[in-house]
Every structure is written in C-alpha cells, then in structure tokens.
Amino acid sequence: MLPYRLTLLIRKSVNTFRPTAALLAKFQGVSEPGRAYAMQWADESVHKTASYAELDAGNRMLAEYIASTATKTESILDICCNQGRLLLDLRRRGFTDLYGFDIMGPAIEAFQRNPDYDPRHIHVQHCLAQDYFRDKPEGAFDWAITHGATIELIHPEFDIFSELARTVRKGMVLVLKEDGFRYPRFYRLLHRMNGFEIVKTIQIEDSALIHSVKRSD
C-alpha cells in the first residue's frame with residue numbers, strides 16, 4: 001500500500017494534467033465521468049439542501065473579503081452556488097450584478113423562493129458546469145468565487161480552469177480544500193497555467209482562500 005502523501009501526489013497529478021484523467025476514465029469504461037458523478041447532486045437523495053442554507057464562518061469571511069475586493073457594480077459568478085447564500089449576502093451588501101449555477105434542482109428552487117432573491121440583480125441557472133459555460137461569451141464576468149466542495153468535485157474531464165480563464169476578466173477568489181474531496185489538484189499551478197497570478201492566500205481551517213488576478217500578457 002502506497003504512503004498517503006505519495007498517493008495524494010499521484011491523484012493530484014492525474015487530476016491536474018487532464019489527458020491522464022481522460023485516459024484513466026476510458027480504461028475504466030466510464031462514458032462522460034464528469035456528468036455521471038455530478039448527477040448524484042441533482043436531487044436530495046444523497047445531499048440535503050438544508051446543509052447549505054446558512055452562512056458559516058468561512059462563508060462570512062469570504063463574503064467580507066469579496067466586498068473589500070470587488071466594486072458593487074462588477075459582475076460576480078458563484079461557481080456551484082447551491083441555495084445562493086453567498087450571492088444573497090452580497091446582494092444585501094449592495095452588489096448589483098450577480099450570477100450562479102448549480103446542478104441541485106431543489107437548491108435552486110429554494111434560492112428562487114427566498115424573499116431576498118432579486119431576479120433583477122441575481123441570475124441563476126439549474127445546470128452542470130459543463131452546460132453553464134457552453135454559451136457564455138469571453139469576458140462574461142469580472143470575478144469568479146466559490147466556497148466549499150465545488151471545483152474539488154468537478155471531474156477533470158471538464159476543464160473548469162480553462163473556462164474560467166476564458167470567461168473571467170479581472171480575477172477569482174476561490175476557497176479550496178487543496179488536498180481533499182474527490183478530485184484534488186495542484187490548484188495554484190492551475191491558476192498560473194491559465195493566466196491568473198495569485199496575489200494573496202489565506203488559510204481557513206483545512207482550506208485555502210486563493211485570490212488571483214488575470215494577467216494582462
């Protein structure tokens with residue numbers, strides 16, 4: 001049995017360098033592994049929306065960090081927003097151009113029933129990341145944000161960082177568990193590989209807040 005650190009290194013290498021992950025999925029006989037795995041989040045048979053209803057300490061810290069980083073008229077995309085707790089908090093702070101998506105239908109329905117949901121300023125879709133980015137133009141958003149088991153659960157078959165590089169104009173504030181969840185990656189390397197420069201990192205318990213800006217070159 002391989003030592004844990006070596007096993008983690010191998011997993012992160014496979015998930016970071018996508019051709020290896022694609023070959024592994026083909027060897028395992030899995031067609032579209034990203035969609036197959038993600039669909040377990042589509043309803044509440046495994047995961048409950050109630051678990052993501054309230055802002056915890058980490059989410060509050062992220063909301064405050066975003067509020068001090070972005071201007072209130074800049075567009076912000078929340079990756080896998082679930083019930084929109086971050087977006088609702090940002091709207092209460094005066095942000096006016098907010099976007100999100102999630103595969104969990106009951107979560108999006110709960111989001112849109114929230115009395116603070118404002119469709120003039122908050123725009124959400126019920127879909128997979130693979131489908132959300134398909135029709136988004138280059139530079140669609142100023143900022144991308146996320147917190148808690150989102151990107152870390154997206155199969156590397158879908159090149160999420162490439163899509164973020166294409167659609168994000170200014171930068172990202174991502175809270176990621178770098179060594180955890182199903183598909184750990186070398187996230188800081190992926191930032192650099194896709195044209196983002198990391199300007200600040202903050203450790204939040206077992207996760208890292210990674211603030212990056214788009215390079216101009």
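Farthest towards the positive end of the charge dipole of the chain, among the residues M104, Y65, F196, is the Cα of F196, using unit charges on the Cβ of Lys, Arg, Asp and Glu.
Give the peptides 78-84, 204-210, 185-191 in descending order of average Cβ contacts within 10 Å, highest first.
78-84, 185-191, 204-210
This structure gives Rg and Dmax of the Cα atoms in Å, computed directly, and of (1) 24.1, 76; (2) 19.0, 57; (3) 16.9, 55 that value is listed as (3). Shown in residue order for segment 107-123 are the 3J(HN,Hα) couplings computed by the Karplus curve 6.51 cos²θ - 1.76 cosθ + 1.60 at θ = phi - 60°: 5, 5, 5, 5, 4, 6, 8, 4, x, 8, 5, 10, x, 6, 10, 10, 10 Hz (x for Gly and Pro). Across segment 79-88, coupling constants 3J(HN,Hα) worked out from phi with the 6.51/-1.76/1.60 Karplus curve, θ = phi - 60°, read 6, 6, 7, 6, 7, x, 4, 5, 5, 5 Hz, and Gly and Pro carry x. Among A50, A129, A110, the largest mean-square fluctuation in a Gaussian network model of the chain (Cα springs under 10 Å) belongs to A50. Within segment 115-208, all pairs of alpha-carbon atoms sorted by distance into 10 Å bins from zero give the percentages 14, 47, 32, 7, 0. With a threshold of 19 Å on the Cα-Cα distance, the over-threshold entries among K12/K177; K177/K214; K170/K200; K72/K200; K12/K200 are K177/K214; K72/K200; K12/K200. Near I204, the amide H atoms lying under 5 Å from its own belong to L209; only residues 5 or more places off or on other chains count, and H is placed 1.01 Å from N.
Accessible surface for the chain, divided over its residues, is 49 Å² per residue with a 1.4 Å probe. Each residue of segment 176-182 was assigned a 3J(HN,Hα) from its phi angle through the Karplus expression (A = 6.51, B = -1.76, C = 1.60, θ = phi - 60°), giving 10, 8, 5, 10, x, 6, 5 Hz with x at Gly and Pro. Here's how it looks for T150: its modeled amide H is under 5 Å from none belonging to a residue 5 or more places away or on a different chain.
Treating r as the C-beta distance of D116 and L9 and R0 as 45 Å, the FRET efficiency rounds to 0.55.
The values are calculated or read from the model by the stated rules, or taken from the named source; none is laboratory data. Since we're looking at a predicted model, the values are computed, not measured. Note that each Cβ is placed from the backbone with ideal geometry, even for glycine, and that neighbours are counted across all protein chains shown. Accessible surface areas use protein heavy atoms only, side chains included; no ligands, DNA or RNA. Shrake-Rupley method; radii C 1.70, N 1.55, O 1.52, S 1.80 Å.
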